[in-house]
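**Q** Mind having a look at this structure? Questions to follow.
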Amino acid sequence: TNLITLLAQNYPSIIGLRNGNGRYALSLAIESGKKWENGVREMCRMSFHTGVNPHTVKDDTTGLYLFMQAAIGKNACIDTIYNLFRQWPELSRFKEESND
């Protein structure tokens, strides 16, 4: 068990908090290279207790959804992407919002 998992299990409310830049812990964890099996799974599981739906979390700074964040950069992880889609199949019907 790692620290992220322990925190998510014991203090699930932190999952729904945003930092000073409006970013959720899930976004920060994925961006920092945390993988599905190293805390992201537990954070997603506990997020439902906070009203945060992982399939709708859009990072305020990057404008990316979680599955997008997991797919880019040096920390890209196919396992995390796969599991996000597996848990929330509605991600496969993703459609960018229009600003019109």
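The values are calculated or read from the model by the stated rules, or taken from the named source; none is laboratory data. For clarity, every value in this text was computed on a predicted model and none was experimentally measured. No Cβ is skipped: glycine too gets one built from the backbone with ideal geometry, and neighbour counts run over all protein chains shown. The protein model used for the area step is the full one, side chains on, heavy atoms only, and it has no ligands, DNA or RNA in it. Shrake-Rupley method; radii C 1.70, N 1.55, O 1.52, S 1.80 Å.
**Q** Being assigned to a loop (DSSP other than H, G, I, E, B), touching a residue at least 12 places away in the same chain (Cβ under 8 Å) and more than 10 Å from the chain's Cα centre (by Cα) is the filter here, so list the residues in region 42-63 that pass it.
**A** His49, Thr50, Gly51, Asp60, Thr61, Thr62
**Q** Looking at the structure I just gave you, is Ala76 part of a loop (DSSP other than H, G, I, E, B), hydrophobic (A, V, I, L, M, F, W, C), without any contact (Cβ under 8 Å) to a residue 24 or more places away in the chain and touching a helix residue (DSSP H, G or I) at 6+ places or on another chain (Cβ under 8 Å)?
**A** It is false that Ala76 is part of a loop (DSSP other than H, G, I, E, B), hydrophobic (A, V, I, L, M, F, W, C), without any contact (Cβ under 8 Å) to a residue 24 or more places away in the chain and touching a helix residue (DSSP H, G or I) at 6+ places or on another chain (Cβ under 8 Å).
**Q** When both residues are 6+ apart or on different chains and their Cβ atoms are under 8 Å apart, which pairs have a first residue that lies in region 1-25 and is assigned to a strand (DSSP E or B) and open to solvent by less than 70 Å² (accessible area, probe 1.4 Å), and a second that is modelled with pLDDT of 80 or more and of a type in the set (Gly, Ala, Ser)?
**A** Tyr24/Gly16
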